[in-house]
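Below you'll find the structure, written out as structure tokens, and then a few comments.
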Amino acid sequence: MTLVVQTLSEQIFSLVRDRIISGKIPADVAIRQDALAAELGVSKIPLREALARLEQDGLLLSQANRGFFVRPLNATEVEEVYALRLKIEPDAVAEAAKVATDADKRAAKAALDALDTAANTDKTQVGRLNRAFHMSLVRPLNRQVTIQIVERLNIISERYVGKHLEPAGRDDRAHNEHMALLELWSAGKATEVAALMHQHIAMTLEDLRKQFETEKALA
């Protein structure tokens with residue numbers, strides 16, 4: 001068993017990121033760094049470092065003399081992020097399927113089990129665990145640049161995963177698609193898993209388009 005030890009900066013980064021993903025930090029109000037630092041029991045220096053990292057990851061934006069804000073969910077970003085995922089992620093998953101070890105397959109199964117548990121018990125963790133499952137299908141590729149790019153795109157996608165799952169019935173569809181992906185990937189069926197991953201991402205993008213269009217029409 002590998003013991004993972006996080007530095008203070010990494011712990012703050014994870015805590016604030018989880019609050020952003022879960023919607024606990026609103027998008028239309030500047031983050032009050034003094035109050036947040038006090039709440040977390042840390043100084044402002046490591047908090048500012050964490051906020052700067054979150055800006056690099058696309059979850060925050062900074063405005064001169066106003067501070068950091070949560071980046072609002074928007075249709076333009078959805079198009080960009082999911083288009084990039086469609087270009088990179090299916091092929092990465094396919095190549096990883098060719099070299100995945102038994103240990104990699106057990107890790108992917110454990111990641112999906114954790115996601116399924118959260119879907120039934122703690123919706124705030126679904127975005128993070130969805131990313132963990134998707135990344136478990138990519139990491140055996142062992143190409144660090146590709147892995148980092150795919151993970152960055154999945155990090156930005158996390159909040160959109162929550163939005164996508166708002167309508168009833170999508171939890172079940174996502175579960176069935178993930179099960180099928182894991183089965184094909186574990187069997188080393190590279191062509192088939194690439195096609196299904198492309199469909200999985202594309203259908204999510206289409207659902208999100210419709211949601212944003214509906215919200216725009218009702219605004």
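With respect to GLU151, determine if the residue is touching a His at 6+ places or on another chain (Cβ under 6 Å), under 18 Å from ALA92 (Cβ atoms), in a helix (DSSP H, G or I) and of a type outside the set (Val, Ile, Thr).
Values: touching a His at 6+ places or on another chain (Cβ under 6 Å): no; under 18 Å from ALA92 (Cβ atoms): yes; in a helix (DSSP H, G or I): yes; of a type outside the set (Val, Ile, Thr): yes.
In short, no.
Mind checking which residues of the stretch 62-76 are on the phi > 0 side of the Ramachandran plot and open to solvent by less than 60 Å² (accessible area, probe 1.4 Å)? Please lay out each step first, then the result.
Here is the first cut: in the stretch 62-76, the ones on the phi > 0 side of the Ramachandran plot are 65, 67.
Scanning the stretch 62-76 gives a single hit, GLY67.
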THR214 being of a type in the set (S, T, N, Q) and in contact (Cβ under 8 Å) with a residue 40 or more places away in the chain
no
For GLU89, work out the one condition from (1) of a type outside the set (Gly, Ala, Ser); (2) open to solvent by less than 30 Å² (accessible area, probe 1.4 Å); (3) within 21 Å of PHE212 (Cα to Cα); (4) in contact with a His (Cβ under 8 Å, 6 or more places away or on another chain) it doesn't fulfil.
(3)
The residue from ALA103, ALA119, ALA107, ALA168 that alone is open to solvent by 20 Å² or more (accessible area, probe 1.4 Å), out of contact with any Ser or Thr (no Cβ under 8 Å at 6 or more places or on another chain), at pLDDT 95 or above and not hydroxyl-bearing (Ser, Thr, Tyr) is ALA103
Going through the stretch 183-219 in order, the residues found to be part of a loop (DSSP other than H, G, I, E, B) and of a type in the set (A, V, I, L, M, F, W, C) are ALA187, ALA219
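The values are calculated or read from the model by the stated rules, or taken from the named source; none is laboratory data. None of these values were measured; they are calculated from a predicted model. Methodologically, a virtual Cβ is constructed for each residue, glycine included, from the backbone with ideal geometry; neighbour enumeration extends over all protein chains shown. Just the protein is used for accessible areas: all its heavy atoms, side chains included, with ligands, DNA and RNA removed. Shrake-Rupley method; radii C 1.70, N 1.55, O 1.52, S 1.80 Å.
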